[in-house]
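Values in this text are rule-based calculations from the coordinates and carry no lab data. Predicted model only: the values in this text are computed from it and were never measured. FYI the Cβ positions are ideal-geometry reconstructions off the backbone, even for glycines, and counts take in every protein chain you see.
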Amino acid sequence: MAKVLMKGNEAIAEAAIRAGCRAFYGYPITPQNEIPNYMALHLPERGGVYLQAESEVSAINMVYGAAGCGVRVMTSSSSPGISLKAEGISYIAAAELPCVIVNVMRCGPGLGGIHPSQGDYFQAVKGGGHGDYRLIVLAPGSVQEMADLTFEAFDLADKWRNPVMVLADGLLGQMMEPVEFIDREPQMVPKPWATTGAEGRKPNIINTLDIVPESLEKRNYALAEKYARIADEETRWQEYKIEDADLIIAAYGTSARAARSAVDMAREKGMRVGLIRPISLWPFPSAPFAEAADGTRQFLVVEMSMGQLIEDVRLAVNGRGVVHFINRLGGMVPTPPEIYSKIEAILQGGEVQ
Amino acid sequence: MMRVFERPESLTEKQMHYCPGCTHGIIHRLTAEAIDQLGIREKTIGVASVGCSVFAYDYFNCDMQQAAHGRAPAVATGIKRVLPDRVVFTYQGDGDLASIGTAEIVHAAARGENITVIFVNNAIYGMTSGQMAPTTLLGQKTTTTPRGRTVHDNGYPIRMSELLATLDGAAYIERVSTHDPKHVMQAGKAIKKAFTMQLEGRGFALVEVLSTCSVNWGLSPQEALEWMRDNMVPYYPLGVFKDVTREEEQA
Amino acid sequence: MAKGRVIIEAERCKECSLCVNACPFGVLRISSSINSRGFHPAEAAHPEKCTGCRLCAIMCPDVVITVERAS
C-alpha cells in the first residue's frame, strides 16, 4: 500500500471506514471537523450511514442505538463536545456496547480555544461521566498512529464489548504526514446480544438499569474483572533510550514528539536521557515506570495541561524517584529547546523538583 | 365460547409495576396490540425512555433498548439508520419528551425520521414523586408547584402535538385520550396507524396519548380519568394535527 | 346461558375498579377476597348479564381480563 499524505483527522476517518465502521453520528466542533466532513463525503459511498445530530448529546445516544444493533459505529468531537457526551459514554460502557469515540482535544476550560491541548486526560482515563466505568484510551503520536490506533480501536471495542477512545489533539488532527493504511481485514465478531429484531429467538434487551443492588453490584464486579483483563492484555507503550537513562521523560501524543527531540539534543551533549511514551492511557502502563524507578533515576513529565498524566506517573514511581514537570497551556505547545533546557537544569544544574 | 379479548403476544407475562389504575398499562397494551395486528413483533425494536415507563423493556415482548432520559428519539434514530427495514418505536413520557428531550424529538420530527413515537402525557413527573412537567396545567398543584402552576413562575404548558405538526418532516401527529373505552379504542387505531405510517416509509409519526397519574394527582383511578377528560382534554384538544396520507387523498 | 364470559386473573388485579365502572351491565364488582399483594380483585357478581362486550378488558390497565363470547 503506497503512503499517502493526509491530515490526522482524515486518516482517522479513512482508517475507521477500512475497519468496517458503518455508522458515524457527529456534530461540528473545531478542531475535529475534518472527521465528520470526511465521513459525510465518503461513508455513504462505501455502504455506511452518516448523520449530523442536533447536538453531541444526541450524537452519542445515536451511537448507543446503532452499537446496540451490533453495527461498527463511531463518533468524534473535541473537549467541550466530549463533556456533553459524558453521560452517554457512561451508558455505553455500562451496557457494554462496542464503539469508537474520538476526542481531538482543544484547549479549555470552558469554551477555551481551538488550539491543541491535553487537558482532557483525567476526563478520558478517570471517567468523565458518572459511575465506575473505563474506556480503553489510545493516544496516537503521529498521523500514522491516528490511522493505526483507530483501526485497532474497532477490533478492541468488539473484542471487549467496550467503548474505545482515540485521544488526539488539534495539532495531530490538523497536520499532514505520510500514512500507510493497515492492509488486513478487521476482526469482526458475532454479536448475538444485538437488537436486530427477535426473529426466532428470545428478545434481546440493551439496558443499564438495575434497581436491585445485589445484582447491580454483580454487574459492577463483572465490569471490574473485565477491566482487569483488559489491563493485562491491552496495555501498550513505547520506550526510547531508557536502558542507561539517568532521567526518563514521560509524555504522550504531541508532547512526546517534542520530548523525543529533546532526548536526542541531550544525548548529543552526553546527557543520558530517555522517554517512555504511553500509547494506551487506560490501561496505564505502570510497569515500565515502576521498573525504571530504582531510586537512582529522575523523571520529567511533559504535558499540555496543568499536570494530569503526572499523577499516574507518580503513582507508578511510588516515591522511588523525583518526578519533575514542565508544561504549556492554553493551546501553546512545548518545544524541544524548552524541554532540553529543563533537562539541563535537572541533570547539570541540580534543579530539585 | 369464542375468545374475543386476550393479552397480546407483544406484551410479556411480566406483571406491570404501574400504580393501580395508571393508564400506562392500557397504552402498553394498545401498542402491543398494534404490533400484533401488523405482524411485526419479530422485526420491531422498541426504545424505552426514563420515567415510570423505564421498565417498558420488561413489558414489550420484542427487542428493546433503554435510553438515557430524553434521548430515546436519538437512540431510535441511531437504530433506524442502520436497520432501515426494522420497525423502531419509542415509548416516552412528557417529562422525557417535552422537557429534557425537546431537542431530540423536534429534530427527529424535522428529519422526518421514519420512527413511531408513543408519547404519554400525564401532565406530571410520576416516578420522581409528582413534580411539575412542561405539560402541567396552569393552576395544577404538584410537588414543585405546591401553590399551583402560575404563568409568572412557570410559563405555559406546551402542546407538543401542535408544535411538532408544524414541522414538514412530521408525517402523522395525532392526540388521543384514554378516559373511557371509546377513546381507548380510538387511541388504539391511532397507534396502529402510526406504526403503519412507518411501514409505508412515510416518515415521523407520533401519537400523544393523554394519560392519568392518580397517585400524584391525589385522585382515585376513576376520578383521575374524569379529571383528565374535564381538564386536560380542553387544553390538549384531541384530533389529527398532521396526516400526509390525508393530504394526498385531498390532493 | 350468558352471551359472554370474563376470566379475571385475580392475582394480578390491583383493585383499580376501572373495569367495574366500564361495564354497562353491572356485571363486575370488587370482591372481598384478597390477593397476595393485598388487593381485593374484581369479580363477576352477575356473570349471567355478561354480553362479552369487552369494555371491562379495554379499560383494564393490567390486562388481567380475558373475554369470551358465545359464537
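Scalar couplings 3J(HN,Hα) for the stretch A:94-107, obtained by applying the Karplus form with A = 6.51, B = -1.76, C = 1.60 to θ = phi - 60°, are 5, 7, 6, 9, x, 6, 10, 10, 9, 10, 8, 4, 10, 6 Hz; x denotes Gly and Pro.
Here the peptides A:292-304, A:121-133, A:327-339, B:23-35 are ranked by packing, the mean other Cβ count within 10 Å, and the order with the highest first is B:23-35, A:292-304, A:121-133, A:327-339.
Cα centroid separation, the stretch B:203-219 to the stretch A:226-286: 58 Å. Among B:165-176, A:81-92, sorting by the average number of other beta carbon atoms lying within 10 angstrom of each residue, highest first, gives A:81-92, B:165-176.
Taking amide H as placed 1.01 Å from N in the peptide plane, A:Leu300 has its amide H under 5 Å from the amide H of A:Ile248, A:Ile249, A:Ala250, A:His324, each at least 5 places away in sequence or on another chain. Compared with the alpha-carbon gap, the fully stretched path from A:His130 to A:Leu209 is longer by 27.1 nm at 0.36 nm per residue.
Looking only at the stretch A:239-349, where both bridge partners belong to it, what percent of the DSSP beta bridges are antiparallel (to the nearest 5)? Around 15 percent of the beta bridges assigned by DSSP in the stretch A:239-349 are antiparallel ones. Applying 1/(1 + (r/R0)^6) with R0 = 30 Å to the Cβ-Cβ distance of B:Thr166 and C:Glu9 gives a FRET efficiency near 0.10.
Rounded to the nearest 10 degrees, the inclination of helix A:213-234 to the longest alpha-carbon principal axis of chain A is 50 degrees. The stretch between B:Asp230 and B:Glu200, if pulled fully straight at 0.36 nm per residue, gains 7.2 nm over its current Cα-Cα span. Using a Förster radius of 25 Å, what is the FRET efficiency between B:Tyr156 and B:Glu247 based on their Cβ-Cβ separation? Nearest 0.05, please. Efficiency at R0 = 25 Å is approximately 0.30. In a reduced charge model with +1 at each Lys and Arg Cβ and -1 at each Asp and Glu Cβ, the stretch A:239-349 shows a dipole moment near 180 debye about its Cα centre.
Each Lys and Arg Cβ is given +1 and each Asp and Glu Cβ -1; about its Cα centre, the stretch A:4-48 then shows a dipole of about 120 debye.
Excluding same-chain neighbours fewer than eight residues apart, the aspartates and glutamates reachable from A:Lys342 by a Cα-Cα span under 17 Å are A:Asp246, A:Asp264, A:Glu268, A:Glu303, A:Glu351. Candidates A:Tyr91, A:Tyr133, A:Pro116 compared by Cα position along the dipole of the stretch A:85-134: farthest toward the positive end lies A:Pro116, with charges placed on Cβ.
Karplus-derived 3J(HN,Hα) values for the stretch A:65-71, using 6.51 cos²θ - 1.76 cosθ + 1.60 with θ = phi - 60°, are x, 5, 4, x, 8, x, 8 Hz; glycine and proline are entered as x. Put +1 on the Cβ of each Lys and Arg and -1 on the Cβ of each Asp and Glu in chain A; which of A:Met304, A:Ala157, A:Pro336 then has its Cα farthest toward the positive end of the dipole? So the residue we want is A:Ala157. Think of it as helices only: each DSSP H run of n ≥ 4 in chain C is worth -39500 (n - 2.57), and spread over all residues that comes to -2500 deg cm²/dmol at 222 nm.
Across the stretch A:149-165, coupling constants 3J(HN,Hα) worked out from phi with the 6.51/-1.76/1.60 Karplus curve, θ = phi - 60°, read 5, 5, 4, 5, 4, 5, 5, 5, 4, 5, 4, 9, 6, 8, x, 10, 10 Hz, and Gly and Pro carry x. For the protein assembly as shown, the Stokes-Einstein estimate of translational diffusion at 10 °C and a viscosity of 1.306 mPa s comes to 58 µm²/s, using the Kirkwood hydrodynamic radius over alpha-carbon pairs. About its Cα centre, the stretch C:4-69 has a charge dipole of approximately 120 debye under the convention of +1 per Lys or Arg Cβ and -1 per Asp or Glu Cβ, with nothing else charged.
Short-range pairs are left out: with C-alpha atoms under 8 Å and at least six residues apart, the relative contact order of the stretch C:1-46 is 40 percent. DSSP finds beta bridges in the protein assembly as shown, and of those with both partners inside it, around 30 percent are antiparallel.
Pairs of Cα atoms under 8 Å, at least six residues apart: use those to get the relative contact order of the stretch A:239-349, whole percent. After rounding, I find 31 percent. Let me know the Kirkwood hydrodynamic radius for the stretch B:154-219, please, with Cα pairs as the basis and the value in Å to one decimal. That comes to 13.3 Å for the stretch B:154-219.
Inter-chain neighbour count for B:175-186: the average number of beta-carbon atoms from partner chains within 10 Å of each residue's beta-carbon is 3.
Over the C-alpha atoms of the stretch A:239-349, the Rg to Rh ratio, Rh being the Kirkwood estimate, stands at 0.92. When only alpha carbons are used to place a centre, the stretch A:76-134 and the stretch A:296-333 end up 21 Å from one another. A Förster distance of 25 Å, applied to the separation of the beta-carbon atoms of A:Met176 and A:Val322, puts the FRET efficiency at 0.05. For chain C, the Stokes-Einstein estimate of translational diffusion at 10 °C and a viscosity of 1.306 mPa s comes to 134 µm²/s, using the Kirkwood hydrodynamic radius over alpha-carbon pairs.
For peptide C:12-22, the mean count of partner chain Cβ atoms within 10 Å of a residue's Cβ comes to 5. Neighbouring Cβ atoms from other chains, within 10 Å of the Cβ of residues in B:18-24, number 5 on average. In chain B, the DSSP-assigned H stretches of four residues or longer account for a calculated mean residue ellipticity at 222 nm of -9500 deg cm²/dmol, using -39500 (n - 2.57) per stretch and the full residue count as denominator. A compact globular protein would have a Cα radius of gyration near 2.2 N^0.38 Å; the ratio found for the stretch B:57-165 is 1.17. In this label model, B:His17 and A:Ala2 are separated by 6.1 nm, measuring between points 7 Å along each Cα→Cβ vector. Think of the protein assembly as shown as a dipole: +1 on every Lys or Arg Cβ, -1 on every Asp or Glu Cβ, centred on the Cα centre; then among A:Val189, A:Gly350, B:Met197, B:Met197 lies furthest on the positive end. For n ≥ 4 DSSP H runs only, could you compute -39500 (n - 2.57) per run for chain A, divide by its residues and tell me the 222 nm figure to the nearest 500? Using -39500 (n - 2.57) per qualifying helix, the result is -12500 deg cm²/dmol.
Obtain the radius of gyration and the Kirkwood radius of chain B from its C-alpha atoms and give Rg over Rh. Over the Cα atoms of chain B, Rg/Rh equals 0.95. Note on the stretch A:4-233: Rg/Rh from Cα positions, Kirkwood definition for Rh, rounded to two decimals, is 0.96.
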